[in-house]
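Values in this text are rule-based calculations from the coordinates and carry no lab data. Values in this document were obtained by computation on a predicted structure and should not be read as measured data. For neighbour counting, all protein chains shown are included, and Cβ atoms are generated from backbone atoms with ideal geometry for every residue, glycine included.
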Amino acid sequence: MTDIPVSDDGRLGEGDLPELYRSGRAKQARAKRNRILSYAAGIGVFVAVALLGDWGKIQEAYFDPESAKVLFPEIITTATKNTLIYTFGAFVGGVAIGLLMAVMKMSSLRPYRWFAITYIEIFRGLPALLTIFIVGFGTPTALGVQFPTIFGVPTAGIISLALVAGAYLAETIRAGIQGVPKGQVEAARSLGMSPSLTTRVVVIPQAFRLVIPPLTNEMVLLLKDTALLAALGTTATTVELTKFGRDAFSINLNNTPFIVAGVMYLMLTIPLTYLVGRLEKRNMASR
Amino acid sequence: MTDAPAAPSSTPSADIPAIELRGLRKAFGDNEVLKGIDLSVAPKKVICIIGASGSGKSTLLRCVNRLEEPSGGQVLIDGIDITHPDCDLDLVRQRIGMVFQQFNLFPHLSALDNVTLAQRKVLRRSDEQADEVARAVLDRVGLAEKADAYPSQLSGGQQQRVAIARALAMNPEMMLFDEATSALDPELVGDVLDVMRTLASEGMTMLVVTHEMGFARRVADHVVFMDQGVICEQGPPDQVLGTPQTPRLQQFLEKVLEH
């Protein structure tokens, strides 16, 4: 040990190294070489794209200031506003359906369980777009029902998205309720609380905290799924973001409206996703 | 009624035992955990149940307030069979405080609210009254100044003492302790045992499942050794812990005490 030469900075000298150190050095050298290669490959691709791309044309097609300017203020005052109304409407409806289905699925009565299972399987298994068509086109035609409007937008889209979200949320909410430790129920029951009182004051408040992150996640998914409502056809006052971008694109066949609509979505979804992360971390800490 | 070899007759002074188990059996599927237990706890007495893990002692305790549903036999509280289908379990449980190994405090409520919740919702005490009782019992367990803390802000020992306070606030006639100190860091065990010892000296009827042999020796009126679902040996603490008769208890005590 003592005869290995050591330099001032603590590194071992070249001399007669034991196998342990020689092998370690070889591995470090390989790792360094791989790191350099990775950087080189990335920089190469970046430079190639930068040199070969026709940036003037790309900017004109995707980031044209004139095409962007005409979108305002309607893209915010109408399209984003409507997207939010569709999202919140479907979310509130979805949570209500989800809570009902979760409770039914945990019911001691078999028919209720079957109903909930059937509902969940159907609406999770169908493409959302098909559900939107069935509710938005099929139902008014077949039954002669006219869906009412809320906040100036038709409810057909909201209802269809709520039906789909409800199926997913049922499982989320059920997992939250069952995620409350058994000891909590035992403690409550040992104090003489009835089953329903235990559910109300001990289980639900804790389940609620558990499901806030996945619930927020579902809201992000819903926000994006409102784009599917473009397929229902909308008017100038009921248009949501994606359809708004699509309509603006048709005017002078420029990509910019899509990009601006995309930025609108991201300005909503990224803070929500960030919030989910924060809430999850907080839940971890309080466990 | 009693088909057990040694009919329990621990205290002749008490007419009706606070807790009496008659031929208590419990099976989880094919696994028989309790194989016919007869035990009686006289009022104001402290009974400690010792035994290796898996011996059925926790299951026995949990059958006393029917958190665990007995497969057979009877559980009598103050002479009344609570395994009868007509029995209102919520009312029974109001009279039996229970303390768990994992504390099971409600994490979304402060210590004070943990202690007031059942008082308000079950006993229908007013907010002021529940608050007053809660502060009194928190003071009794030495945590008056922690009333506003949340469980996550308390040490394990403090959480367990809040859990004891929560049970005491219901003015129970008897208390069940299910390995109340087993989940605690060693230096926190003493505080909880002190509270339990004080309760015992104040005349609380206690059925205590524990690994703390010192506590059993000093505080218990009667020690029960369980092994493989039966009561293997029982008697006064000095006798059971000092001069064990059966090889199984001798082995158990050697293992526990050699540390």
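Among the residues making up region B:130-156, those that are within 14 Å of another protein chain (Cβ to nearest Cβ) and either free of Cβ contacts under 8 Å to residues at least 12 places away in the same chain or outside any helix (DSSP H, G or I) (or both) are B:ALA149, B:TYR150, B:GLN153, B:LEU154.
State yes or no: is A:VAL180 more than 30 Å from B:VAL122 (Cα to Cα), among the hydrophobic types (A, V, I, L, M, F, W, C) and either crowded, with 19+ Cβ neighbours inside 10 Å or touching a Cys at 6+ places or on another chain (Cβ under 7 Å) (or both)?
Working: more than 30 Å from B:VAL122 (Cα to Cα): no; among the hydrophobic types (A, V, I, L, M, F, W, C): yes; either crowded, with 19+ Cβ neighbours inside 10 Å or touching a Cys at 6+ places or on another chain (Cβ under 7 Å) (or both): yes.
Judged against the criteria, A:VAL180 is not a match.
If you filter region B:68-104 down to residues that are under 22 Å from B:MET196 (Cα atoms), assigned to a loop (DSSP other than H, G, I, E, B) and touching a strand residue (DSSP E or B) at 6+ places or on another chain (Cβ under 8 Å), you find that the one that is nearest to the other protein chains (Cβ to nearest Cβ) is B:PHE100. Residues in region B:110-129 that are more than 8 Å from chain A (Cβ to nearest Cβ), under 12 Å from B:LEU168 (Cα atoms) and among the aliphatic types (A, V, I, L, M): B:VAL115 alone.
Going by the structure shown, is A:ILE132 in contact with a strand residue (DSSP E or B) (Cβ under 7 Å, 6 or more places away or on another chain) and among the aliphatic types (A, V, I, L, M)?
No, not satisfied.
Among the residues of region B:199-210, is there at least one that is of a type in the set (S, T, N, Q) and in contact with a Lys or Arg (Cβ under 6 Å, 6 or more places away or on another chain)? Lay out the reasoning, then the answer.
In the first step, residues of region B:199-210 are kept if they are of a type in the set (S, T, N, Q); the result is B:201, B:205, B:210.
Next cut, in contact with a Lys or Arg (Cβ under 6 Å, 6 or more places away or on another chain) only: B:205.
Taking every residue of region B:199-210 in turn, at least one turns out to be of a type in the set (S, T, N, Q) and in contact with a Lys or Arg (Cβ under 6 Å, 6 or more places away or on another chain).
Checked against the criterion of being of a type in the set (S, T, N, Q), more than 27 Å from B:ASP78 (Cβ to Cβ) and surrounded by 19 or more Cβ atoms within 10 Å (Cβ to Cβ), region B:178-198 contains one or more residues that satisfy it.
Taken over region B:45-57, the criterion of being buried (at least 18 other Cβ atoms within 10 Å of the Cβ) and either out of contact with any helix residue (DSSP H, G or I) (no Cβ under 7 Å at 6 or more places or on another chain) or among the polar types (S, T, N, Q) (or both) is satisfied by B:LYS45, B:ILE47, B:SER55, B:GLY56, B:LYS57.
Only a single criterion out of (1) in a helix (DSSP H, G or I); (2) of a type outside the set (Gly, Ala, Ser); (3) within 9 Å of chain A (Cβ to nearest Cβ) is not satisfied by B:PRO107, namely (1). Considering region B:157-176 alone, what residues qualify as being touching a residue at least 60 places away in the same chain (Cβ under 8 Å) and not in a helix (DSSP H, G or I)? Selection gives B:MET170, B:PRO172, B:GLU173, B:MET174, B:MET175, B:LEU176. Within region B:227-246, not a single residue is among the polar types (S, T, N, Q) and within 14 Å of the chain's Cα centre (by Cα).
For the condition touching a His at 6+ places or on another chain (Cβ under 7 Å) and either free of Cβ contacts under 8 Å to residues at least 60 places away in the same chain or within 12 Å of another protein chain (Cβ to nearest Cβ) (or both), what is the one hit in A:ARG246, A:ARG200, A:ARG209, A:ARG189? Full working, then the answer.
On the way: A:ARG246 fails: touching a His at 6+ places or on another chain (Cβ under 7 Å); A:ARG200 fails: touching a His at 6+ places or on another chain (Cβ under 7 Å); A:ARG189 fails: touching a His at 6+ places or on another chain (Cβ under 7 Å).
On inspection, the qualifying residue turns out to be A:ARG209.
The set of residues in region B:177-192 being of a type in the set (Gly, Ala, Ser), assigned to a loop (DSSP other than H, G, I, E, B) and farther than 13 Å from B:CYS48 by Cα consists of B:SER182, B:ALA183. Among residues of region A:265-284 that are under 27 Å from A:THR242 (Cα atoms), those with a beta-carbon under 7 Å from a residue that is β-branched (Val, Ile, Thr) at least six positions away or on a different chain give the pairs A:THR269/A:VAL220; A:LEU272/A:THR216; A:LEU272/A:VAL220; A:THR273/A:VAL220; A:LEU275/A:THR216; A:VAL276/A:THR216. Assessment of region B:217-235 against the conditions (part of a strand (DSSP E or B), at positive phi and surrounded by fewer than 19 Cβ atoms within 10 Å (Cβ to Cβ)) yields at least one matching residue.
Wholly within region A:182-266, which helices (runs of 4 or more DSSP H) include no fewer than the required count, namely at least 1 residues that are among the basic types (Lys, Arg) and out of contact with any helix residue (DSSP H, G or I) (no Cβ under 9 Å at 6 or more places or on another chain)?
Working: elements: A:182-190, A:195-198, A:204-225, A:241-252.
Per the criteria, A:182-190.
For A:ARG189, indicate whether it is crowded, with 20+ Cβ neighbours inside 10 Å, over 30 Å from B:VAL162 (Cβ atoms), charged (D, E, K, R) and more than 15 Å from the chain's Cα centre (by Cα). Working first, answer last.
Values: crowded, with 20+ Cβ neighbours inside 10 Å: yes; over 30 Å from B:VAL162 (Cβ atoms): no; charged (D, E, K, R): yes; more than 15 Å from the chain's Cα centre (by Cα): yes.
Against the criterion (crowded, with 20+ Cβ neighbours inside 10 Å, over 30 Å from B:VAL162 (Cβ atoms), charged (D, E, K, R) and more than 15 Å from the chain's Cα centre (by Cα)), A:ARG189 does not qualify.
Checking the structure you have, find out if any residue of region A:249-258 is surrounded by 15 or more Cβ atoms within 10 Å (Cβ to Cβ), free of Cβ contacts under 8 Å to residues at least 24 places away in the same chain and touching a Pro at 6+ places or on another chain (Cβ under 6 Å). Yes: one or more hits.
Scanning region A:111-166 for residues that are in a loop (DSSP other than H, G, I, E, B) and either of a type in the set (A, V, I, L, M, F, W, C) or surrounded by 19 or more Cβ atoms within 10 Å (Cβ to Cβ) (or both) gives A:LEU126, A:VAL145, A:PHE147, A:PHE151.
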